[in-house]
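Accompanying notes for the structure given below.
The values are calculated or read from the model by the stated rules, or taken from the named source; none is laboratory data. For clarity, every value in this text was computed on a predicted model and none was experimentally measured. Cβ sites come from the backbone with ideal geometry, for glycine too, and all protein chains shown count toward neighbours. Note: accessible area is taken over every heavy atom of the protein model, side chains too, but ligands, DNA and RNA are not part of it. Shrake-Rupley method; radii C 1.70, N 1.55, O 1.52, S 1.80 Å.
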Amino acid sequence: MPPTPLTLVDCLQEKGHQFPDRQAYVFLHDGKTEDTILTYGELDRQARAIGALLQRHRAAGERVVLLYPPGVEFIAAFLGCLYANAIAVPAYPPRNRRHLPRIQTIVEDAQVRFLLTVENTLSKVQAWLDQRSSLASIQLLVTDNLTPGLAERWQPPQIVPENIAFLQYTSGSTATPKGVMVSHENLMHNLQMMAKYCEFTPD
């Protein structure tokens, strides 16, 4: 009997190997129409490619803010951070100037070193960063046009369950956003509880 996966990286690697053609995620563009479908194999490959990109930039242990519009690109980027043993910091891209203070607070509080986004959002993010000298050192990385074969350069990181997987920030609608550290162990426990109480058994 194979050992129980200790991290989400272990879990997705196993699923990608056992069920490469099985659907993992389906994004509904308007809540009804299928826009993008990702299999376990495709998701593992994209996560390895983004993980390899972050490994190239020595991002292990660093905070990486994710600024993505709704879609499967965010999922691949989040998992790519885990694959690189980097700390994901999920956030929404700035839709207007009113959202900028919240994002800036998160970026500064988390001491973010890298920012992941997609090409269509890059110009907005770049213009925002250019206006703030305190954020000039953040390195922008685009994940939707990666070099073919990059996934093969990924090296499995040394992850222990106690490592921080991501920082979850409050909405900040009534106060300054506050971050909560979620470890790989916490993340797996939460997923197991969701599966148990939703009466859902993973394939």
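Here are some notes:
- Look at segment 86-108: where a residue is without any contact (Cβ under 8 Å) to a residue 24 or more places away in the chain and a partner is of a type outside the set (Val, Ile, Thr), sitting 6+ places away or on another chain with Cβ atoms under 9 Å, you get Arg95/Lys124; His99/Tyr92; His99/Pro93; Pro101/Gly172.
- Whichever residue in segment 58-79 is open to solvent by 40 Å² or more (accessible area, probe 1.4 Å) and either among the polar types (S, T, N, Q) or not in a loop (DSSP other than H, G, I, E, B) (or both) and, among such residues, is farthest from Lys124 (Cα to Cα): Arg63
- Only listed residue being modelled with pLDDT of 90 or more, open to solvent by 50 Å² or more (accessible area, probe 1.4 Å) and touching a helix residue (DSSP H, G or I) at 6+ places or on another chain (Cβ under 6 Å), chosen from Gln18, Gln23, Gln55, Gln46: Gln46
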